[in-house]
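Shown next, in structure tokens, is the structure this report addresses.
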Amino acid sequence: MEKKMRDLEDELFPSTPGKVKIERAHAMNRQFHRCFASTSTMFLWALFLIALTASYLSFQSFVDTSSKYFTASWGGLHWERQVRASALPRRSNGISVLVTGAAGFVGSHVSIALHKRGDGVLGLDNFNSYYDPSLKKARKTLLASHGIFVVEGDVNDARLLAKLFDIVPFSHVMHLAAQAGVRYAIENPNSYVHSNIAGLVTLLEACKAADPQPAIVWASSSSVYGLNEKVPFSESDTTDRPASLYAATKKAGEEITHTYNHIYGLSITGLRFFTVYGPWGRPDMAYFSFTRNILQGKPITIYRGKDRVDLARDFTFIDDIVKGCIASLDTAEKSTGSGGKKRGQAQYRIYNLGNTSPVTVPTLVSILERHLKMKAKKNVVEMPGNGDVPFTHANISLARRELGYKPNTNLEAGLKKFVKWYLSYYGYGRSNAGKNL
């Protein structure tokens, strides 16, 4: 019993306490080292994961940046060579013209006419979807067949414009890019401000800063006459009662261009187009949609004004408009500014480009029926308050006197050419028609 008590005492209170302390210390050290080693390993793994994540994010950023670079619609040595080659005049005293909206209706025709006479032409177009972009792409292909390069970009892209003016010393700018259409403004008003006002200012800023400053010819619109009842419409008439947002943005454009002319010495000519029609036209125009619906056997809507008065338009054939545009370029004086500073008073002009022979919409339909050899299903309704005006009629005496402008295509002859193009383009009469309406 006494021995057991001593053994228990030795076990609980050993006679060599130092040895136990050392052993306990070693045990604690081993445990600490294990813990430290485990913590270090976790720390290293954490660092590794952080580094891996950072590398992945950097790689993704590189991929995104590279993707944007490689898929950009402009830039690079090959692109610059295309720009220079297209903008280089091929005749002595030829001009070098930047045509905005080059894949559009008027833009494509003006570009081809300039190129055919040996001028340098570079196109710019954003190929928006206001109407079928495939038609714009087809116009681009047509332009390419003539050796005209079209840059895909927006006039609101200041960096792109600066690059183009850095590559080419344009002598002229033909600004035809715009959000067109009167009725669409009710659906998408912001697009008109974006293109017709902001885009115009961005382009004017680029022209102001260019050296040399180009002379500018741009498309205003007969819509600026708005609710004016005096006929025919003259450039000196008051234009402060627009009937649509589209008209308001074009009127604003005239005021903005006058400001840049006055402050910076930019030579500017505004052209008020009157209902342009013809081959490669815009599908949103009445003559175009009427043709489509008549051929498909669908009804067409014909609007009437107050007191059942037929609407009338001063329809102007595309070839006549092109002649007016080129005459405006040829008679444009040089800008007087340099480096954004005005050196003297610069030329500022506004012209009507119309046909001077208004035709009622029912007469237009009758001509189409005759050329298509089909009768239209007509739905005659009162004109809604959507911004349309009951009539347009151009006084072109100023353009005739100063530009030598003389339209010579009547509606009968012009629609005949349009119908011929339409039937060919959309594959009528072919067994392998490849284009759908």
Margin query: Sort VAL389, VAL193, VAL173 by heavy-atom solvent-accessible area, probe 1.4 angstrom, most to least.
Written below: VAL193, VAL389, VAL173
Next item on the list: Quick one: grab the alpha carbon gyration tensor of segment 116-224, order the square roots of its eigenvalues as a ≥ b ≥ c, and give me rounded if a/c is under 1.5, else prolate or oblate depending on whether a/b is larger than b/c.
Entry: oblate
Next item on the list: Would you tell me the accessible area of MET374, worked out with a 1.4 angstrom probe on the heavy atoms of the protein chains, in Å² to the nearest 10?
Entry: 70
Next item on the list: Quick one: accessible surface of GLU187, probe radius 1.4 Å, all protein chains present, in square angstrom to the nearest 10.
Entry: 150
Check: By the gyration tensor of its Cα atoms, with a ≥ b ≥ c the square roots of the eigenvalues, what is the shape of segment 72-166: rounded for a/c under 1.5, prolate for a/b over b/c, or oblate?
Finding: oblate
Check: Between THR363 and ALA113, what is the label-to-label distance in nm when each label sits 7 Å out along the Cα-to-Cβ direction?
Finding: 2.4
Next item on the list: Kindly report, to the nearest 10 Å², the accessible surface of CYS325 as traced by a 1.4 Å probe over protein heavy atoms only.
Entry: 0
Item checked: Dipole magnitude of segment 226-271, debye to nearest 20 (Cβ charges: Lys/Arg +1, Asp/Glu -1, about Cα centre) -> 100
Checklist line | Modelled FRET efficiency - R0 45 Å, LYS375 with ASP211, Cβ distances, 0.05 increments | finding: 0.15
Notebook entry, point to check: How do ARG90, ARG84 rank by accessible surface area computed with a 1.4 Å probe, from largest to smallest?
Noted result: ARG90, ARG84
Margin query: When only alpha-carbon atoms are used, what values of Rg and Dmax, in angstrom, describe segment 132-177?
Written below: 12.2, 33
Note to self: Can you classify segment 213-310 as rounded, prolate or oblate using the Cα gyration tensor, where a ≥ b ≥ c are the square roots of its eigenvalues, rounded means a/c under 1.5, and otherwise it's prolate if a/b beats b/c and oblate if not?
What the structure shows: oblate
Next item on the list: Taking all protein chains together and a probe of 1.4 Å, list ILE263, ILE197, ILE326, ILE321 from the most accessible to the least accessible.
Entry: ILE263, ILE197, ILE326, ILE321
Check: How long is the gain from LYS137 to THR331 if the chain were fully straight, where each residue apart is worth 0.36 nm and the alpha carbon distance is subtracted?
Finding: 66.7 nm
Item checked: Nitroxide proxy distance, nm - points 7 Å out along Cα→Cβ at ASN93 and LYS406 -> 2.1
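The values are calculated or read from the model by the stated rules, or taken from the named source; none is laboratory data. Only a predicted model underlies this, so the values are computations on that prediction, with no experimental measurement involved. Positions of Cβ are backbone-derived with ideal geometry, glycine not excepted, and every protein chain shown enters the neighbour counts. For accessibility, only protein heavy atoms count, side chains too; no ligands or nucleic acids. Shrake-Rupley method; radii C 1.70, N 1.55, O 1.52, S 1.80 Å.
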